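Heads up: the structure comes next, in structure tokens.
The values are calculated or read from the model by the stated rules, or taken from the named source; none is laboratory data. Values in this document were obtained by computation on a predicted structure and should not be read as measured data. Note that we place each Cβ from the backbone using ideal geometry, even for glycine, and neighbour counts take in every protein chain shown. For the accessible areas, the whole protein counts, side chains as well, though only heavy atoms, and no ligand, DNA or RNA atoms are used. Shrake-Rupley method; radii C 1.70, N 1.55, O 1.52, S 1.80 Å.
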Amino acid sequence: GAVVSQHPSRVICKSGTSVKIECRSLDFQATTMFWYRQFPKQSLMLMATSNEGSKATYEQGVEKDKFLINHASLTLSTLTVTSAHPEDSSFYICSASDTNNEQFFGPGTRLTVL
Amino acid sequence: AQSVAQPEDQVNVAEGNPLTVKCTYSVSGNPYLFWYVQYPNRGLQFLLKYITGDNLVKGSYGFEAEFNKSQTSFHLKKPSALVSDSALYFCAVRHPNSGNTPLVFGKGTRLSVIA
């Protein structure tokens with residue numbers, strides 16, 4: 001089946017630094033990828049929709065200058081948390097859509113900002 | 001707008017007993033419905049989905065779900081629960097004509113299977 005990977009799986013950084021999270025579709029091409037954020041004991045909240053070769057579409061309340069999304073190829077989307085602060089600590093999950101609009105989820109990235 | 005409701009934050013069941021995790025949805029037309037499971041610090045694992053056809057859908061790990069259009073429900077069930085089934089379960093919906101749009105998730109239900 002389709003596999004989506006995320007790297008890193010866990011990252012700890014100092015406040016004020018930037019962190020890049022990669023989402024890759026390993027065995028299929030994904031024109032669209034989605035980025036979600038999950039706080040402890042809560043559901044997944046959609047942050048943005050990432051389309052290959054175009055600008056990402058952000059959900060209301062998500063700062064596009066803080067959460068930079070780049071979808072440069074059909075198998076890779078990146079989320080960069082710029083100038084991270086402790087309140088950005090969360091579990092970030094990506095999903096990728098194949099040509100049948102089936103969505104496959106990555107394993108998630110745990111971000112801890114000190 | 002599409003929405004999903006999981007009315008129970010927590011479900012407790014004894015090992016070997018049947019389990020049900022409830023889900024109701026709100027979407028116009030015939031929806032695509034999904035169930036996912038999440039273990040601690042892990043991503044979502046797909047369990048099953050309903051697109052069309054038979055209302056009873058069988059999925060991974062012995063789980064099944066029944067699509068009930070009149071009650072707008074898609075409850076997840078398993079005849080005999082295992083301790084290893086303890087996890088967080090999410091119901092999700094997508095409108096079939098919405099193209100390549102993200103899933104809308106319920107808030108999740110934590111299942112605890114007690115030995």
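Comparing B:Tyr50, B:Tyr32, B:Tyr61 in a Gaussian network model of chain B, where Cα atoms under 10 Å apart are tied by springs, the biggest mean-square fluctuation is seen for B:Tyr61. Cross-link pairs exceeding 29 Å between alpha carbons, from the set B:Lys49/B:Lys107; A:Lys41/B:Lys77; A:Lys20/B:Lys58: A:Lys20/B:Lys58.
Scan region B:62-100 for trypsin sites (Lys or Arg not before Pro) in coil per DSSP, keeping those whose Cβ has at most 14 other Cβ atoms within 10 Å, and list them by number. Mind dumping the intermediate values first?
Working: sites: B:Lys69, B:Lys77, B:Arg94; in loops: B:Lys69.
In loop regions of region B:62-100 (DSSP not H, G, I, E or B), the sparsely surrounded trypsin sites (Lys or Arg not before Pro) are B:Lys69.
For region A:76-114, a drop of 20 Å² or more in accessible area on going from the chain alone to the assembled protein chains (1.4 Å probe) is found at A:Phe91, A:Asn101, A:Glu102, A:Gln103, A:Phe105, A:Pro107, A:Arg110. Using the Karplus relation 6.51 cos²θ - 1.76 cosθ + 1.60 with θ = phi - 60°, the per-residue 3J(HN,Hα) values for region B:52-68 come to 6, x, 4, 5, 9, 10, 9, x, 6, 6, x, 7, 8, 8, 10, 7, 10 Hz, with x marking Gly and Pro.
Please list B:His95, A:His71 in order of solvent-accessible area, largest first, computed with a 1.4 Å probe with all protein chains present.
Numbers: B:His95 35, A:His71 10 Å².
Correct descending sequence by accessible area is B:His95, A:His71.
Across peptide B:100-110, what mean number of C-beta atoms from other chains lies inside 10 Å of a residue's C-beta? Don't skip to the end; give the middle numbers.
Details: counts 13, 7, 14, 7, 3, 6, 2, 4, 5, 0, 1.
Taking the mean over all residues of the peptide, I get 6.
With a 10 Å cut-off between alpha carbons and a GNM built on chain A, which of A:Asn101, A:Asn70, A:Asn51 moves the most? Evaluated over chain A, the most mobile residue of the options is A:Asn101. Here region B:9-115 carries DSSP beta bridges of which approximately 85% are antiparallel, counting only pairs with both residues inside.
Using the beta-carbon distance between A:Phe39 and B:Ala1 and R0 = 30 Å, what value does 1/(1 + (r/R0)^6) give for FRET efficiency, to the nearest 0.05? Show your work: numbers first, answer last.
Numbers: r = 22 Å, r/R0 = 0.74.
Once rounded, the FRET efficiency stands at 0.85.
Here the 3J(HN,Hα) profile of region A:36-46, calculated from phi with Karplus coefficients 6.51, -1.76 and 1.60 at θ = phi - 60°, is 10, 10, 10, 8, x, 6, 10, 7, 7, 10, 5 Hz, Gly and Pro shown as x.
Stretching B:Arg42 away from B:Lys69 to a fully extended chain increases their span by 6.5 nm, per 0.36 nm per residue minus the current alpha-carbon distance.
For chain A, the convex hull drawn through the C-alpha positions has a volume of 95 cubic angstrom per residue. Per q in 0.20, 0.24 Å⁻¹, report the Debye log10 I(q)/I(0) for chain B, using one uniform scatterer on each alpha carbon and no solvent. For chain B, the Cα-only Debye profile gives -1.05, -1.46. If you take the Cα centroid of region B:20-85 and the Cα centroid of region A:8-29, the two points sit 30 Å apart.
Sorting the Cα pairs of the protein assembly as shown by distance into bins of 5 Å, from 0 upward, gives 1, 7, 14, 18, 19, 16, 12, 8, 4, 1, 0 percent per bin.
Remark on chain A: A:Cys13 stand apart, with no other cysteine beta carbon under 4.7 Å.
Can you pull out the buried accessible area for chains A and B, both sides counted, probe 1.4 Å, rounded to the nearest 100 Å²? Can you show the working numbers first?
Numbers: alone 6390 and 6140 Å², together 11030 Å².
Using a 1.4 Å probe, the pair buries roughly 1500 Å².
Proximity of backbone amide H atoms, modeled 1.01 Å from N, is registered between B:Phe67 and B:Leu56, B:Val57 at under 5 Å, excluding neighbours fewer than 5 places apart on the same chain.
How much area per residue is accessible in chain B when the probe is 1.4 Å and only protein heavy atoms are counted (Å²)?
On the way: 5370 Å² over 115 residues.
Dividing the accessible area of chain B by its residue count gives 47 Å².
At a 1.4 Å probe, what is the % contribution of carbon and sulfur to the accessible area of chain A?
Numbers: 2870 of 5650 Å².
Ligands and nucleic acids excluded, carbon and sulfur reach 51 percent.
Where does each of B:Phe74, A:Phe28 land when they are ordered by accessible area, with a 1.4 Å probe and the largest first? Walk me through the intermediate numbers first.
Working: B:Phe74 0, A:Phe28 30 Å².
Ranked list, largest accessible area first: A:Phe28, B:Phe74.
Work through the residues other than A:Leu46 whose Cβ is under 13 Å from its Cβ and net out their charges, Lys, Arg +1 and Asp, Glu -1. It would help to have the intermediate numbers written out before the result.
Working: positive: A:Arg37, B:Arg94; negative: A:Glu59.
So the environment of A:Leu46 carries a net charge of +1.
Heavy atoms of the protein chains alone define the surface here; on that basis chain A has 50 Å² accessible area per residue at 1.4 Å probe size.
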